[in-house]
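**Q** Got a structure for you, written out below as structure tokens; questions coming shortly.
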Amino acid sequence: MGSGIKIKYDALVQDLRVAMLNGDIKAGDKLPSENELANKYSISRQTVRKALQVLHDEGYIYAEHGRGTFCSGMVKTRKNSKNIAVITTYLSDYIFPRVINGIDEVMTEKGYSIILKNTNNSRSREAKCLEELLQKDIDGLIIEPSKSQILCSHLNLYEILDQYKIPYVFIQGCYSSLEDKPRILMDDRKGGFLVTEYLIKQGHRDIVGVFKADDIQGQERHKGYIQALQQAGIAYDPDKVIWFYTEDRKRHPKEQIAQMAKNRKKLFFDAVVAYNDQVAVWIMEGLEQEGLTCPTDVSVTGYDNSYLAEACKVPLTTVTHPQEQLGRMAAELLIRFINNEQVEKEEAQLLIEPKLVIRESTRAL
């Protein structure tokens with residue numbers, strides 16, 4: 001199947017699935033004929049049949065010989081299932097096992113079971129997870145959005161959750177178009193400020209920042225970095241900022257810092273503010289590759305106070321991320337919505353205060 005046809009095929013499956021989820025096509029409604037769908041999407045009838053087979057296998061439609069294809073009505077609102085769903089970007093990530101522990105602690109006590117899904121920080125996988133969950137029996141949802149800095153293209157699925165009165169709570173980030181929704185976030189701007197301010201107080205003035213471009217956390221930590229520089233009267237230098245994306249996170253920061261280390265005489269730096277602890281470890285590897293040691297030559301800070309911060313070769317100065325507390329807070333907030341309790345806006349949109357943890361990866365000049 002060519003790429004253009006594949007796109008139209010996927011669009012047909014997606015359009016019909018969403019139309020049935022949001023009620024535009026209701027239980028018992030007859031779908032357009034194969035010829036009509038083939039003409040509308042500029043694909044062959046054979047491709048239309050393959051798309052309809054996918055929807056049939058998922059339980060959305062059924063066929064009646066001689067009459068056509070109909071919506072099965074499998075999607076319906078259910079209540080009191082004692083199931084909640086949790087969608088994270090990465091299940092194996094060093095942050096999320098403890099976040100999930102916090103959620104599970106509260107939910108188990110309240111008699112709920114957890115349906116767990118992950119997106120690998122993919123927007124299309126997030127949409128797919130939401131579509132699948134709309135078919136299941138859930139009372140609420142906790143979700144870490146994928147690439148939260150980028151405009152959300154599947155807002156319709158959140159609108160369906162609203163229509164079905166299924167409450168949801170964002171953690172770690174939130175789409176700008178849904179910023180009025182319940183959320184539990186770290187104060188990432190303050191965290192970025194704290195580590196940068198600490199390095200400045202240690203005598204550092206040539207500080208490289210390494211930030212993730214496609215999520216809100218990276219953008220906010222970058223703003224905190226700028227704020228600390230400005231407060232100290234240090235000019236912001238875009239050449240001393242490394243941006244990376246989800247897809248190149250394991251390679252780009254290390255390669256870029258190694259390249260900057262090679263040219264350190266031309267663009268001098270004596271400290272690095274890293275997006276998180278994992279990136280800080282890769283940064284130290286890139287520096288070591290070019291013969292620089294941490295903290296003798298370059299001070300490095302992380303973020304999250306994960307197990308890596310203590311276990312890595314040089315224990316990291318970092319920022320606290322109370323993962324289990326965040327999970328518990330999100331679960332407790334969701335329970336309140338499920339129970340139809342009155343929740344004030346300031347109770348539904350919480351920022352967790354970060355704190356600095358000083359270890360051996362930084363030194364005073």
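The values are calculated or read from the model by the stated rules, or taken from the named source; none is laboratory data. Owing to the predicted nature of the structure, the values given are computational and were not obtained by experimental measurement. Quick reminder, even Gly has a Cβ in these numbers, built from the backbone with ideal geometry, and neighbours come from all protein chains shown.
**Q** Among (1) at pLDDT below 95; (2) within 27 Å of the chain's Cα centre (by Cα); (3) over 18 Å from G192 (Cβ atoms), there is one condition P322 misses while meeting the rest; what is its number?
**A** That leaves (3) as the condition not met.
**Q** Please verify whether L52 is outside the structural domain of M329 (by TED's automatic domain parsing) and either in a strand (DSSP E or B) or over 30 Å from F211 (Cβ atoms) (or both), treating the condition exactly as stated.
**A** So L52 fits the description; yes.
**Q** Could I ask something else about it? Could you tell me how many of the residues in the range 143-175 are over 16 Å from I338 (Cα atoms) and within 13 Å of the chain's Cα centre (by Cα)?
**A** The qualifying residues number 14.
**Q** Take the range 225-235 and flag every residue that is part of a helix (DSSP H, G or I) and in contact with a Leu (Cβ under 9 Å, 6 or more places away or on another chain).
**A** The one that is part of a helix (DSSP H, G or I) and in contact with a Leu (Cβ under 9 Å, 6 or more places away or on another chain): A228.
**Q** Going through the range 197-224 one residue at a time, which ones are within 11 Å of A271 (Cβ to Cβ) and under 24 Å from the mean Cα position of the chain (by Cα)?
**A** If the condition is that a residue be within 11 Å of A271 (Cβ to Cβ) and under 24 Å from the mean Cα position of the chain (by Cα), then G209 is the only one that fits.
**Q** Of the residues K240, K212, K181, only one is in contact with a Phe, Trp or Tyr (Cβ under 7 Å, 6 or more places away or on another chain), at pLDDT 95 or above and not assigned by TED's automatic domain parsing to the domain that holds L316; which?
**A** So the residue among K240, K212, K181 that is in contact with a Phe, Trp or Tyr (Cβ under 7 Å, 6 or more places away or on another chain), at pLDDT 95 or above and not assigned by TED's automatic domain parsing to the domain that holds L316 is K181.
**Q** For a quick check of your reading: which helices (runs of 4 or more DSSP H) sit entirely within the range 115-223 and have at least 1 residues that are among the hydroxyl-bearing types (S, T, Y) and crowded, with 17+ Cβ neighbours inside 10 Å?
**A** Hits in the range 115-223: 155-163, 188-201.
**Q** How about the range 89-114: which of its residues are of a type outside the set (D, E), outside any helix (DSSP H, G or I) and at pLDDT below 95?
**A** T89, Y90, L91, S92, Y94, I95
**Q** Within the range 16-72, how many residues turn out to be surrounded by fewer than 15 Cβ atoms within 10 Å (Cβ to Cβ), farther than 20 Å from E131 by Cβ and not basic (K, R)?
**A** Selection size over the range 16-72: 13.
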